[in-house]
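Undergrad: Quick one: the structure is below, and I'll ask about it shortly.
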Protein chains: 2
Amino acid sequence: MSGKISVLLVDDHAVVRTGFKTYLELSEKIGAVFESDRCESACRLYELHQPDVVVMDLSMPGIGGFETIRRLLIRDPHCKILVFSIHDELIYVARAIKAGVKGYLVKNSDPELLITAVTGIAAGGTFVAPALAQKLAMSATDEVLQEQRIKQLTPREFDIFCLLAKGKSTREVADQLFVSHKTVCNNSTTIKDKLGIKTLSELALLANRHGIVKEVEGR
Amino acid sequence: MSGKISVLLVDDHAVVRTGFKTYLELSEKIGAVFESDRCESACRLYELHQPDVVVMDLSMPGIGGFETIRRLLIRDPHCKILVFSIHDELIYVARAIKAGVKGYLVKNSDPELLITAVTGIAAGGTFVAPALAQKLAMSATDEVLQEQRIKQLTPREFDIFCLLAKGKSTREVADQLFVSHKTVCNNSTTIKDKLGIKTLSELALLANRHGIVKEVEGR
DNA sequence: ATTTGATCGGGAATTATTCCCGTATGATGC
DNA sequence: GCATCATACGGGAATAATTCCCGATCAAAT
């Protein structure tokens, strides 16, 4: 990376791209700015231009931001990605960082931070929005804890968890999976136990917060 | 409104404001553009500058977009508001329109639509994003239907609904409201009946989708 | 071959929910 | 005032859901 920094902006909101671009162009450290409104073309543009930094939204139609991050990093493990998202929930930050991004900014950040983050990351550093960093510091938070707990579910339990999360009754789940109602009841008890909750409603809300949406078919 | 159109942008994301402003400035029909990042100052700026059109985000910290719309319309019933939101769920559109806005755009709209919408509304028209208009057309959708159903709940039932929606058990609700567990059970049955659902999980999810968050205290 | 983890479900006790019932209260209309 | 109606509350008995403890089965790992 010699000379000016080149940036690839990936966001399905044209308005956001334009706004971000405007700020980037205020800095003389930053040169070319490429844009993409979808994940698929982002990968192509990355290979074509080899930008120093990729600024990316998480919630996009199609394969979504996380999957895009994964694909970019497969192509180039040294790819420098800065997430620019509306989500300030720790779970998103944690996931993104785990996925291998170099920075995380929320969309209502002070514009000056945008430049700071982009140049910092281009220079090989990392950047997490101050407010988020603080949250991350006092880790082991509820969200993360729950994430860990969900991982404790066996595959089958997870399937049942997903169906219950949609508001289905234990009986409906049993019918759909062709098992005894008793089995689902027993599983349900175990699941709630592992997740540290007491009602199926909590289960539904929890799954909802975590954006868990796996589809399960009967065998 | 003679001469150029003046616009007040209300959005807590500086990036979005900048992007939108950039587009507005491309049109020679549009003159002054004022900006605000919060609801409170938006009302002041509106009275100060009397802009022809207010472009507003819905999800903002503080009193929120809907409340801001209400306040603006109290001050000036002819205030022309264009909502510019990430939410494309019909329920938001319906609420906004019911609140009295003149237009609704989603943030990933084609930039050309922004100008079209702003100028159209300034001229006294209305503008709803094409995709949303179509959705609206086939009204009486689930969301709207549910909204109607929720209205059928008695005040007390609604309180209980809100508590159950948080994932609390019937027993916890009973304790909190100082009534018999039996009562809450009976109410719960009635509520599910009125809402056309079968499980408390569905209730929780439904309330969640509708963003129902009333706080209820014991007496 | 044995252990381990996962899945499935029965039996009996417990708990939750339903359905139907009656009471009480406050607002509305005549 | 008095009837009426909607609302809130909750009991009793039947029914359904859930728990807890148990054993069976199977596949993969050691």
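Undergrad: Which net charge results for the neighbourhood of B:Val55, defined as the other residues with beta-carbon distances under 14 angstrom from its beta-carbon, given Lys and Arg at +1 and Asp and Glu at -1? Provide the component values of the computation, followed by the final result.
TA: Numbers: positive: B:Arg17, B:Lys21, B:Lys80, B:Lys102, B:Lys107; negative: B:Asp11, B:Asp12, B:Glu25, B:Glu35, B:Asp37, B:Asp52, B:Asp57.
The answer is -2.
Undergrad: Per-residue mean of other chain beta-carbon atoms within 10 angstrom of the beta-carbon, peptide B:7-15? Could the numbers behind the result be given before it?
TA: On the way: counts 0, 0, 0, 0, 4, 2, 10, 11, 18.
Mean partner-chain Cβ count within 10 Å for B:7-15: 5.
Undergrad: Ok, one more. Under the rule of at least 5 residues apart or a separate chain, name every residue whose amide H is placed under 5 Å from the amide H of B:Met56.
TA: Hits under the 5 Å cutoff: B:Val10, B:Leu82, B:Val83, B:Phe84.
Undergrad: What is the helix-to-structure angle for A:200-209, meaning the angle in degrees between its Cα long axis and the longest Cα principal axis of chain A, kept from 0 to 90 and rounded to the nearest 10?
TA: Approximately 10 degrees, to the nearest ten.
Undergrad: For the Cα atoms of chain A, what angle does the longest principal axis make with the long axis of helix A:14-26, in degrees from 0 to 90, nearest 10?
TA: 40 degrees
Undergrad: Right, here's the next one. Report ³J(HN,Hα) in whole Hz for each residue of the range A:151-160, in order, from the Karplus equation J = 6.51 cos²θ - 1.76 cosθ + 1.60 where θ = phi - 60°; Gly and Pro get x.
TA: 5, 6, 6, 6, x, 4, 4, 5, 4, 5
Undergrad: Could you tell me which residue in chain B puts its beta carbon nearest the axis mapping B onto A, with the distance rounded to whole Å?
TA: Spelled out as residue then distance in Å, it is B:Gly19, 1.
Undergrad: Would you mind computing, in nm to one decimal, how far apart the modelled labels at B:Ser59 and B:Glu112 are, each placed 7 Å from Cα along Cα→Cβ?
TA: Spacing of the two 7 Å Cα→Cβ label points: 2.9 nm.
Undergrad: Can you give the net charge of the other residues whose Cβ lies under 10 Å from the Cβ of B:Thr68, counting K and R as +1 and D and E as -1?
TA: On the way: positive: B:Arg38, B:Arg70, B:Arg71; negative: B:Glu40, B:Asp57, B:Glu67.
After counting each charged neighbour, the total is 0.
Undergrad: Can you list, shortest first and in nm, the gaps between the label point of A:Arg38 and those of its counterparts in the other copies, using a point 7 Å from Cα in the C-beta direction?
TA: 4.0
Undergrad: With θ set to phi - 60° and the Karplus curve 6.51 cos²θ - 1.76 cosθ + 1.60, what are the ³J(HN,Hα) couplings of the range A:111-125 in order, to the nearest whole Hz, using x for Gly and Pro?
TA: These are the phi-based 3J(HN,Hα) values: x, 4, 5, 4, 5, 3, 5, 5, 5, x, 6, 4, 7, x, x Hz.
Undergrad: How large is the direction-averaged shadow of the alpha-carbon convex hull of the range B:143-209, in nm²? Don't skip to the end; give the middle numbers.
TA: Working: hull surface 15.3 nm².
Answer in nm², one decimal: 3.8.
Undergrad: Okay, next question. Could you work out how much longer the chain between B:Leu48 and B:Ile212 gets when fully extended? Use 0.36 nm per residue separation minus the Cα distance between them, nm to one decimal.
TA: 55.6 nm
Undergrad: Sticking with this structure for a sec: Binned at 5 Å from 0, what are the whole-percent values of the Cα-Cα distance distribution for chain B, short to long?
TA: Each 5 Å bin holds this share of Cα pairs: 1, 7, 14, 16, 15, 12, 10, 9, 8, 5, 3, 1, 0, 0.
Undergrad: Which residues, if any, in the range B:149-182 lose at least 50 square angstrom of accessible heavy-atom surface (probe 1.4 Å) when the other protein chains sit next to their chain rather than the chain being alone?
TA: Checking the loss per residue gives B:Gly167.
Undergrad: Provide the per residue accessible area, probe 1.4 Å, for the protein assembly as shown, rounded to a whole number of square angstrom. Before the final figure, lay out the partial values.
TA: Values: 20670 Å² over 438 residues.
It amounts to 47 Å² per residue over the protein assembly as shown.
Undergrad: So how much accessible surface do B and A hide from each other in total, probe 1.4 Å, in square angstrom to the nearest 100?
TA: On the way: alone 11470 and 11460 Å², together 20670 Å².
Roughly 2300 Å².
Undergrad: To check my understanding: the extent here is largest minus smallest coordinate of the Cα atoms along each principal axis. What are those three numbers for the protein assembly as shown, in Å, largest first?
TA: 66, 56, 38
Undergrad: Shifting gears a bit: Mind pulling the angle between the C-alpha long axis of helix A:64-75 and the longest principal axis of chain A? Nearest 10 degrees, somewhere in 0 to 90.
TA: 60 degrees
Undergrad: Using θ = phi - 60° and the Karplus relation 6.51 cos²θ - 1.76 cosθ + 1.60, list the HN-Hα couplings for the range B:79-87 in order, rounded to whole Hz, with x at every Gly or Pro.
TA: With coefficients 6.51, -1.76 and 1.60, one gets 4, 9, 10, 10, 7, 10, 10, 6, 7 Hz.
Undergrad: Ignoring ligands, DNA and RNA, what percent of the accessible area of the range A:143-209 is carbon or sulfur (1.4 Å)?
TA: Working: 1630 of 3210 Å².
C and S atoms contribute 51 percent here.
Undergrad: What's the whole-number percent of alpha carbon pairs in the range B:1-106 lying beyond 23 angstrom?
TA: Values: 1052 of 5565 pairs.
Summing the P(r) tail past 23 Å for the range B:1-106 gives 19 percent.
Undergrad: Tell me which residues come under 5 Å, amide H to amide H, from B:Ser6 once H is placed; ignore anything under 5 positions away on its chain.
TA: For B:Ser6, whose amide H was placed from the backbone, the distant partners under 5 Å are B:Gly31, B:Asp52, B:Val53.
Undergrad: At 7 angstrom along the Cα-to-beta-carbon line, where would the label on B:Asn186 sit relative to the other copies? Give the distances in nm, shortest first.
TA: 3.8
The values are calculated or read from the model by the stated rules, or taken from the named source; none is laboratory data. Small disclaimer: the values here were computed from a predicted structure and weren't measured. Backbone-built Cβ (ideal geometry, glycine too); neighbour counts: all protein chains shown. Ligands, DNA and RNA are excluded from the accessible area calculation, which covers all protein heavy atoms including side chains. Shrake-Rupley method; radii C 1.70, N 1.55, O 1.52, S 1.80 Å.
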